[in-house]
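Asker: One structure, as structure tokens, below. Some questions next.
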Amino acid sequence: MSANPQAIRAKFWTPGVLVMAFFMAAGAVTVLARFIGGIGYVSNLSTARPWGIWIGIDVASGVALAAGGFTTAFLAHILGRHYYEPVIRPALLTAMLGYTFVVLGLIVDIGRSWAIWKPLVYWNPHSVLFEVAMCVMFYLNVLYIEFLPILVEQFKGRVKMPGPLAALDGVAENLLGLADRILPRIMWFFIIAGVVLSCMHQSSLGSLMLIAPTKLHPLWYTPILPLLFLVSAVTVGYPMVVFETTLATASLKLDPEMKILSPLTRITIFLLGTYLALKIGDMVIRGTYVYLLDGTAQTNAFLVEMICGIIIPWIMLLSPAVRRSRRRLFIACALIVGGVLLNRINVFVVGYRPPVSENYYFPSISEMLITIGFISGLMFLYRFIATYLPVLNRPGQEVSA
Amino acid sequence: MELNRRVFLKCIGAAGAGVAGAATDSTAVHAWESRAPADPLGCLVDLNRCIGCRKCEQACQTVNKLPQPEQPFDDLTVLDKKRRPDERAYTVVNRYYPGRRDERDQLVPTFVKVQCMHCQDPACASACIVGALTKKENGAVYYDISKCIGCRYCMVACPFEIPAYEYHNPVTPRVMKCTFCYERVENEGKLPGCVGICPVEAMTFGRRSNLLKIAKKRIESDPGSYVNHVYGEHEAGGTSWLYISGVPFDRVGFIQVPHRPLTELAETIQSSLFSYLWSPIVLFGMLGGIMRAFGGKSDRDINHKGEES
């Protein structure tokens, strides 16, 4: 066993956590305002611009950046590369929290939050969104199931609930024991299902905009948009693991895990290169390079996405020195993560041009507060769970292959 | 553990059978087909006839019990600004000066009534996650509030930017758009509110095929007064509302829309990838095979330290 995950049990209320708590509180107040005054009270959304950053960042980017979960599960559990196991649990935790916050973001964004269950009853198989919603729902549950063994490991034989709840200790122990016996036998099914569900909805998120050919800017509107979404999600998986593991290990003063992170990004050279080739090939075949120098906001956003988000980090990763350096590898991976984030924002927000109204949209402060509040909440929970559950590798632990 | 292995093998076998089944079924993945009603009701708007009296707006407000507008309907200064249908008004009339002049050299206005076009293959209905929007046999694109969750994908999908949203209702907001007076037409046999009130018969209500004949006849019999284009005959794959005009449509606020139904590409991709869930089943089988070949027993026991070491 190469991994030795342990609860960190470091001091929890650090200044950074307090800042997160502050943004969470600000976000919570804004969410309250949204449910009292309506979406229109807090956002700049309109008839012409029905989707803003809540969809572009909280939902679409949230799903893309949670791709570390299924890509690492594929690597370690399906390909059997146990060497990478130390990063599995952090990636799983990121994915689980990411999808949880995708759903929370949706609850804020949809007008009738209390009706969020209705797609379970009223099906529209023609709707891309219906398929995405079903996959996200099932996958969220798969992630929770994949996370259960961590709870079992922490609490089995040690359940001690406070006060009157102590009466339930026996019941909880029995449940944990049951989970411990059953989960190992069925986990293979959920691991494969998780990868399948991810491939389905990661690509279908791109299909969402295919119904709006007159609205999405031609630099992004392409019939291969679902393929681009899938490839970029698979590509960003490992860089996201590097990004998030480096942040966590640096902030919690743990082993940076470079022995694992460096080889993990070798495959990224190939994946990112494929993504780059697809993007450029698509641009050449459809002739959309004619827009490249027209100086509009859309074109500039596209150029930043391509150059800073794909080309620069790709060239960086080609160098073994970069892959060995913790700082430079982090920068390269952060650029890739930023590039995919920007791509989703471009597809859903920047590149969206209403044909009649030419309505200008910029997110309101309240929209941003809710988004920032959710991101802070995600980071807060990550730290909380890593502090009290065995997720991250123990500090100073020798990592053996 | 042996049981576990057997279950695993059985499932992989089932997945393999699924693969084989899907391969033979691949012929069942049909080319995209329109689900448009054969001959729905529609409405032909003759922009040469409209005088911009806004009676249709008023009738719409009354029939659909919409809120009173800030300025009364007989206040024609409203026309000084271009408006769009919104959550308080299903239809609006706009005034354009496309450059035509009368004998006294005065600019001649053209009035354009805007509302939901009631597409034959509506993008909003294809997009709707719960099927709250549907194309009815009589032509109306009908909205069923009891299913709606408020995701607003219909608004993203609509090429004409029609559906509006009650953004200021915190709990029970609705998508607001022209209903083609569905219940009034279907159950009471009446005309839509706007059509019934029009004092100059700028709107003709009837079967879409008949309306197309009427439209073409009017254009043919007076080619000097009309441009040779029925807006809505082919736009977005055809719409139930049709327009004919004396001035080019792009000068009076009409946008260019693809002539193929907007639903075609997304629905084709979705159905070829996911009909009978063949691709997820194949993928599941393949991953199961890989897992079995490379993973070994311990792989199924991941996340579980006890049994692995």
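The values are calculated or read from the model by the stated rules, or taken from the named source; none is laboratory data. Model, not experiment: these values are computed from the prediction. No Cβ is skipped: glycine too gets one built from the backbone with ideal geometry, and neighbour counts run over all protein chains shown. What goes into the accessible areas is simple: the full protein's heavy atoms, side chains included, and nothing from ligands, DNA or RNA. Shrake-Rupley method; radii C 1.70, N 1.55, O 1.52, S 1.80 Å.
Asker: Which residues, counting only those in the range A:80-105, are open to solvent by less than 50 Å² (accessible area, probe 1.4 Å) and either out of contact with any helix residue (DSSP H, G or I) (no Cβ under 8 Å at 6 or more places or on another chain) or within 11 Å of chain B (Cβ to nearest Cβ) (or both)?
Answerer: Hits for the range A:80-105 are A:Gly80, A:Glu85, A:Ile88, A:Arg89, A:Leu92.
Asker: Right, something else. Would you tally the residues in the range B:133-156 being assigned to a loop (DSSP other than H, G, I, E, B), on the phi < 0 side of the Ramachandran plot, touching a residue at least 24 places away in the same chain (Cβ under 8 Å) and open to solvent by less than 40 Å² (accessible area, probe 1.4 Å)?
Answerer: Counting residues in the range B:133-156 that are assigned to a loop (DSSP other than H, G, I, E, B), on the phi < 0 side of the Ramachandran plot, touching a residue at least 24 places away in the same chain (Cβ under 8 Å) and open to solvent by less than 40 Å² (accessible area, probe 1.4 Å) gives 3.
Asker: A further question on this structure: In this structure, does A:Pro149 turn out to be closer than 26 Å to B:Ala293 by Cα and either open to solvent by less than 40 Å² (accessible area, probe 1.4 Å) or part of a helix (DSSP H, G or I) (or both)?
Answerer: When the stated conditions are applied, A:Pro149 passes them.
Asker: I'd like the full set of residues that are touching a strand residue (DSSP E or B) at 6+ places or on another chain (Cβ under 7 Å), facing chain A (nearest Cβ under 7 Å) and closer than 17 Å to A:Val108 by Cα, limited to the range B:158-191.
Answerer: B:Tyr165, B:Pro173
Asker: Please give the number of the condition A:Arg328 fails out of (1) charged (D, E, K, R); (2) part of a helix (DSSP H, G or I); (3) over 25 Å from A:Tyr238 (Cα atoms).
Answerer: Condition not satisfied by A:Arg328: (3).
Asker: Same structure, new question: Within the range A:235-256, is there a residue that is free of Cβ contacts under 8 Å to residues at least 60 places away in the same chain and open to solvent by less than 30 Å² (accessible area, probe 1.4 Å)?
Answerer: Taking every residue of the range A:235-256 in turn, none turns out to be free of Cβ contacts under 8 Å to residues at least 60 places away in the same chain and open to solvent by less than 30 Å² (accessible area, probe 1.4 Å).
Asker: Sticking with this one: Report, by residue number, each residue of the range B:174-204 that is polar (S, T, N, Q) and over 15 Å from B:Lys135 (Cα atoms).
Answerer: B:Asn187, B:Thr204
Asker: Name every residue in the range A:335-368 that is in a loop (DSSP other than H, G, I, E, B) and of a type in the set (Asp, Glu), in order of residue number.
Answerer: Listed by number, the list holds a single entry, A:Glu358.
Asker: Now for a different question. Search the range B:89-106 for residues that are closer than 20 Å to B:Val227 by Cα and pair each with any residue that is assigned to a strand (DSSP E or B) and hydroxyl-bearing (Ser, Thr, Tyr) when their beta-carbon atoms are under 7 Å apart and the residues are at least 6 apart or on different chains.
Answerer: As it stands, the answer is B:Tyr96/B:Thr110; B:Pro98/B:Thr110, since those pairs meet every condition given.
Asker: Which residues, taken from the range A:133-178, are among the acidic types (Asp, Glu) and away from every other protein chain (no Cβ under 13 Å)?
Answerer: A:Asp169, A:Glu173
Asker: Do we find that A:Thr30 is open to solvent by 10 Å² or more (accessible area, probe 1.4 Å), in a helix (DSSP H, G or I), under 28 Å from A:Ile110 (Cα atoms) and in contact (Cβ under 8 Å) with a residue 60 or more places away in the chain in this structure?
Answerer: So A:Thr30 fits the description; yes.
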